[in-house]
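The values are calculated or read from the model by the stated rules, or taken from the named source; none is laboratory data. Everything quoted here is computed from the prediction, not taken from an experiment. Positions of Cβ are generated from backbone atoms using ideal geometry, with glycine treated the same way; all protein chains shown enter the neighbour counts. All accessible areas refer to the heavy atoms of the entire protein, side chains included, with ligands and DNA or RNA removed. Shrake-Rupley method; radii C 1.70, N 1.55, O 1.52, S 1.80 Å.
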Amino acid sequence: MLHTMTPSPLLQIMVVEDNDSLREATVDFLIQQGHQVTGVVCAEDVDDTPTRDLPDLYLIDVNLPGEDGFSLSARIRKSQPRTGIVMLTARSQLSDRLTGWDCGADNYLIKPVEKSELLACLNNLGRRLKQAAPARQTGLVLDRQTLSLTGPQGRVSLTFAETQLLAALSRAAGQKLERWQAMQLVDSKDKGLLPANLEMRISALRKKLTACGAPANAIQTLRSFGYSLSCEIQLT
């Protein structure tokens, strides 16, 4: 039975877990607590599953297919320094726990975890995240709420599609996206966007990046692959 706890602020949570039954049970449990939750199977799906609001907290398994949870946590921490990361894994060796902390985890929980412990961990972390003073921002900052990009040379407004694309590039492994991924983000309703039109939109986004102070050609076209981002962007 769950103990009575100080209420936590409602959070946007992404659960990254390849075990279907465990992922679905965790998502359902957290939704019952009032949180908005998205469940994905692997690290690649984190990049391919755009959400309107940036997750406040990620609950990540270590043993994921493809890119593992340690690598995923490290790149999330790099692009979203103020987000919450909880690792939930069966890997209990000290070396694994140390790697988890080194990759930016706020908490490292060993499976199986009682629901009351998981909830207490998320509630405590959620309160700290919401109460934390805004960090001093330097460099390029992408605000997904206001659809704007701020840099050393000013601030520009972005479209929703541009914001989604830039956020996905900044979080992706190696800051690279395949062309079909970029097409999906820019043309989410699948209206048949042509490659030439995608290039035009990428070019417009490059100009906005440059106007904020980003390096020239901050988004590079990778032949026979897609696009890469050559600068760091902090997401808020």
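Net length available on complete extension from residue 94 to residue 180 is 26.9 nm, with 0.36 nm assigned per residue and the Cα-Cα distance removed.
The Rg/Rh ratio for the chain is 0.98, where Rg is the radius of gyration of the alpha carbons and Rh is the Kirkwood radius.
Here the chain is treated with +1 on each Lys and Arg Cβ and -1 on each Asp and Glu Cβ, and its dipole about the Cα centre works out to around 1060 debye. If the chain linking residue 222 and residue 21 were pulled fully straight, counting 0.36 nm for each residue of separation and taking away their Cα-Cα distance, it would gain 68.5 nm.
Kirkwood's formula applied to the C-alpha pairs of segment 1-128 gives a hydrodynamic radius of 14.6 angstrom. Computed per residue of the chain from DSSP H runs no shorter than four, each worth -39500 (n - 2.57), the mean residue ellipticity at 222 nm is -12500 deg cm²/dmol. Highest mobility in the GNM of the chain, judged by mean-square fluctuation with C-alpha springs under 10 Å and restricted to 21, 79, 203, is found for 21.
Largest accessible area first, the listed residues 83, 236 line up as 236, 83 when surface is computed with a 1.4 Å probe on the assembled protein chains. Annotation: aspartates and glutamates with alpha-carbon distance below 14 angstrom to residue 130 (same-chain offsets under eight excluded): 56. In the neighborhood of residue 47, defined by Cβ-to-Cβ distances under 13 Å, what is the net charge if each Lys or Arg adds +1 and each Asp or Glu adds -1? So the surrounding residues net to -2. Kirkwood radius, segment 91-160, all distinct C-alpha pairs, inverse of mean reciprocal distance: 15.6 Å. The length gained on full extension between residue 157 and residue 232, counted as 0.36 nm times the residue separation minus their Cα-Cα distance, comes to 25.2 nm. Taking label positions 7 Å along the Cα-Cβ direction at both residue 32 and residue 120, the computed distance is 1.9 nm, reported to one decimal.
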